[in-house]
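Q: I have a structure here, written as structure tokens, and I will follow up with some questions on it.
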Amino acid sequence: MKIYDISLPLTERLPVWPGEPKPQLSRISSIEDGADANVSELRVGTHAGTHLDAPLHLRMDGQPVDAIPLDTLIGDAWVCRLPGSVTTVTAEALEAAGIPGDTTRLLIATANEQLWNQPDWSYSEDYVALNDDAARWIAARGMVLVGIDYISIETSSSSGMRVHHMLDEAGVVPVEGLDLRGVAEGRYRLVCLPLKLPGADGAPVRAVLIEE
Ligand SMILES: [Zn+2]
């Protein structure tokens, strides 16, 4: 059994959506200063790094992150690798990707992964993400979860969070900020668990793929 960690490290280095805070871990009690134990405080946005969007992200009557069923977040997933020439994920690109018909959790590896090889992770608005057609394509297939390898599933030029809304209406949970470098196309078991934060609109996750 091989386990792939597909989560980004939750550090100040992460790109965050303009206006959102950078994660901060600060030591509030330190053995070096005579304390009995090291204790830190973590300040983090609910959409920092590898995270999932709860329906409450988009609408006031949407489910918070702690209400998303665990059987959505754990189970079979298909990793598809789109060619580097794909700059927007379209229905056409998904159709051409040979995604098995029984896929309910889809993780999309794109040219975004090159960004994680750069020393500078500052936010780039030029990332690969889904257009409306791709969201419709996924919505029509009865999927429960879709993941992508940059901090939004939707292009920066899209307005009104249309892609997010289309996925939400179809009951598809987006996982954003995956690190799929080194993961080959194929079927895995996904475990993607958010912090149990009652009432939160999203939460960082530790996501892993298990190859059995
Ligand atoms: Zn998000």
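Only the coordinates and a few stated rules stand behind these numbers; no lab work does. None of these values were measured; they are calculated from a predicted model. Using ideal geometry, Cβ is built from the backbone for each residue, glycine included, and neighbour counts are taken over all protein chains shown.
Q: Which whole-Hz couplings ³J(HN,Hα) result when phi for each residue of the range 147-157 is put into the Karplus expression 6.51 cos²θ - 1.76 cosθ + 1.60, θ = phi - 60°, listed in order with x for Gly and Pro?
A: Here the 3J(HN,Hα) series is x, 9, 9, 9, 6, 9, 7, 10, 5, 5, 8 Hz.
Q: Projecting each Cα onto the charge dipole of the range 86-157 (Lys/Arg +1, Asp/Glu -1 at the beta carbon, about the Cα centre), which of A93, T155, L107 comes out farthest on the positive side?
A: Of the candidates, L107 comes out farthest on the positive side.
Q: Show the residues, 5+ positions off or on another chain, whose built amide H is closer than 5 Å to the amide H of G202.
A: Sorted by chain and number, the residues that satisfy this are A54, V65.
Q: Count the net charge of all other residues whose Cβ sits under 14 Å from the Cβ of N131, scoring Lys and Arg as +1 and Asp and Glu as -1.
A: Net of charged neighbours comes to -3.
Q: Further, regarding this structure: Could you tell me what percent of the DSSP beta bridges with both partners in the range 59-212 are antiparallel, to the nearest 5?
A: Here the antiparallel bridges make up roughly 50 percent for the range 59-212.
Q: May I ask you to evaluate 6.51 cos²θ - 1.76 cosθ + 1.60, the Karplus curve with θ = phi - 60°, for each residue of the range 178-193 and list the ³J(HN,Hα) values in order in whole Hz, giving x for glycine and proline?
A: Values, residue by residue: 7, 10, 9, 4, x, 9, 6, 4, x, 9, 9, 9, 9, 10, 9, 10 Hz.
Q: Can you tally the net charge around L58? Count Lys and Arg as +1, Asp and Glu as -1, for every other residue whose Cβ sits under 12 Å from the Cβ of L58.
A: Surrounding charge for L58 is -4.
Q: Here is a further query. Skipping prolines and chain starts, which residues have an amide H placed within reach, meaning under 5 Å, of the one on L130, given they are 5 or more residues away or on another chain?
A: HN-HN under 5 Å from L130: V89, E154, T155.
Q: Tally Lys/Arg at +1 and Asp/Glu at -1 over every other residue whose Cβ is under 10 Å from the Cβ of I151; what's the total?
A: -3
Q: GNM on the chain, C-alpha springs below 10 Å: top fluctuator among L195, L73, L106?
A: L195
Q: Under the rule of at least 5 residues apart or a separate chain, name every residue whose amide H is placed under 5 Å from the amide H of S29.
A: Answer set, sorted by chain and number: V39.
Q: What's the ranking of 37-43, 2-8 by average number of surrounding C-beta atoms within 10 Å, highest first? Please report the intermediate quantities before stating the final value.
A: Numbers: 37-43: 10.3, 2-8: 17.3.
Result, highest mean first: 2-8, 37-43.
Q: Helix-derived [θ] at 222 nm for the chain: sum -39500 (n - 2.57) over DSSP H runs of at least 4, divide by residue count, nearest 500? The partial results should precede the final answer.
A: Numbers: 4 runs with 25 residues, N = 212.
For the chain, the value works out to -2500 deg cm²/dmol.
Q: Could you give each residue of the range 132-137 its phi-based ³J(HN,Hα) in whole Hz, using Karplus coefficients 6.51, -1.76, 1.60 with θ = phi - 60°, and x for Gly or Pro?
A: 4, 4, 5, 4, 4, 4
Q: Would you work out if the range 75-212 is rounded, prolate or oblate? Take a ≥ b ≥ c from the square roots of the eigenvalues of the alpha-carbon gyration tensor; rounded if a/c is under 1.5, else prolate when a/b is larger than b/c, oblate otherwise.
A: rounded
Q: Once you order the gyration tensor axes a ≥ b ≥ c over the Cα atoms, which shape class does the range 165-206 get: rounded for a/c under 1.5, otherwise prolate or oblate by comparing a/b with b/c?
A: Oblate.
Q: Now a separate question. Calculate the length of the line joining the C-alpha centroid of the range 1-40 to that of the range 106-166, in whole Å.
A: Here the answer is 25 Å between Cα centres.
Q: In debye, nearest 20: dipole of the chain around its Cα centre with unit charges on the Cβ of K, R (+) and D, E (-)?
A: For the chain, the charge dipole is close to 200 debye.
Q: For the range 1-133, give me the percentage of DSSP beta bridges that are antiparallel, rounded to the nearest 5 percent.
A: Here the antiparallel bridges make up roughly 50 percent for the range 1-133.
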